[in-house]
Amino acid sequence: MEREGYVIRDEYLPHFLTFRVTDWVDIFTRVNYRDIVVNSLEFCRQNFGLRIYGYVVMSNHVHTILHQPDGKLSPTITSFKKFTGGEIIRTISTIPESRETWMLKRFELAKMRSGGKGDHLFWKRDNHPKQITTRDFFLQKLNYIHDNPVRAKLVLKQEDYIYSSAAYYSGLPSLIDIDIWDGVIQYK
């Protein structure tokens, strides 16, 4: 259940969001699972008009700054999480995965505890959304996102972590296109 402080209040504003894997399972240590997330973000960008201002895929969570100009951020996030969770569960079951039994059992138990439809709960339900209302807050969150792999000692420089938007902002090749925020806040 989402707590009162963790709901998207204004669907028209950009938001800093964190998608956490159930029980903090370190699934994104494998490239095929990271690719599902990145490819799905790009799909949402191309097909739903989602604006991606920043992202990083860490071992057990994903940080993003996202904006849905049509005011449908929550439904887009729901679709993204439903698709990626299902696709990752299917991938765990179909490719050689040494942690298959353990991971699927954790996601199954989490689903049993939470109720609802389906057999597995891959993503935690809350996203800890934070509205972006100023350029300073945007830059603070973008730097926080890009600094995650450095703090985790995965790379020495932000732009060296391929599963992040930092390379794009440094003028280097990026896995997906990134939208540049113009700093304008549009209230509806």
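The values are calculated or read from the model by the stated rules, or taken from the named source; none is laboratory data. Since this is a predicted model, take the numbers as computed values, not measurements. A quick note on method: Cβ atoms are made from the backbone with ideal geometry, for glycine too, and the neighbour counts reach across all protein chains shown.
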Report yes if some residue within segment 61-68 is out of contact with any Pro (no Cβ under 8 Å at 6 or more places or on another chain) and over 29 Å from Gly115 (Cβ atoms); otherwise report no. no
Just name the residue that is nearest to the chain's Cα centre (by Cα) out of those in segment 128-169 that are over 22 Å from Asn39 (Cβ atoms) and of a type in the set (Ser, Thr, Tyr). Tyr144
Please tell me if Phe107 is farther than 30 Å from Asp182 by Cβ and either under 19 Å from the mean Cα position of the chain (by Cα) or at pLDDT below 95 (or both). yes
Pair list, Cβ under 9 Å, 6 or more apart: segment 90-106 residue under 15 Å from Leu121 (Cβ atoms), other residue of a type in the set (Val, Ile, Thr) and assigned to a helix (DSSP H, G or I): Ile92/Ile27; Met103/Ile27; Met103/Ile89; Met103/Ile92; Leu104/Ile89; Leu104/Ile92; Arg106/Thr22
Residues of segment 135-188 classified as closer than 22 Å to Leu50 by Cβ and of a type in the set (Lys, Arg), total: 3
Selection over segment 65-80 where residues are surrounded by fewer than 19 Cβ atoms within 10 Å (Cβ to Cβ) and either part of a loop (DSSP other than H, G, I, E, B) or in contact (Cβ under 8 Å) with a residue 60 or more places away in the chain (or both) yields a count of 5
So which residues in segment 130-188 are surrounded by 14 or more Cβ atoms within 10 Å (Cβ to Cβ), of a type in the set (Asp, Glu) and over 15 Å from Thr18 (Cβ atoms), if there are any at all? Glu159, Asp160, Asp179
Within segment 133-154, the residues that are at pLDDT 95 or above and either on the phi > 0 side of the Ramachandran plot or part of a loop (DSSP other than H, G, I, E, B) (or both) are Ala152, Lys153, Leu154
Within segment 84-98, the residues that are outside any helix (DSSP H, G or I) and either under 22 Å from the mean Cα position of the chain (by Cα) or surrounded by fewer than 11 Cβ atoms within 10 Å (Cβ to Cβ) (or both) are Pro96, Ser98
Give the residue that is surrounded by the most Cβ atoms within 10 Å (Cβ to Cβ), with candidates limited to residues of segment 18-54 that are under 11 Å from the mean Cα position of the chain (by Cα) and over 30 Å from Ser98 (Cα atoms). Gly54
Using beta carbons and a limit of 6 Å, which pairs, at least six apart or on different chains, have the first residue in segment 145-169 and touching a residue at least 12 places away in the same chain (Cβ under 8 Å) and the second one of a type in the set (Asp, Glu) and surrounded by fewer than 21 Cβ atoms within 10 Å (Cβ to Cβ)? Ala166/Glu159
Restricting attention to segment 28-48, which residues are within 16 Å of Phe122 (Cβ to Cβ) and in contact with a Lys or Arg (Cβ under 8 Å, 6 or more places away or on another chain)? Phe28
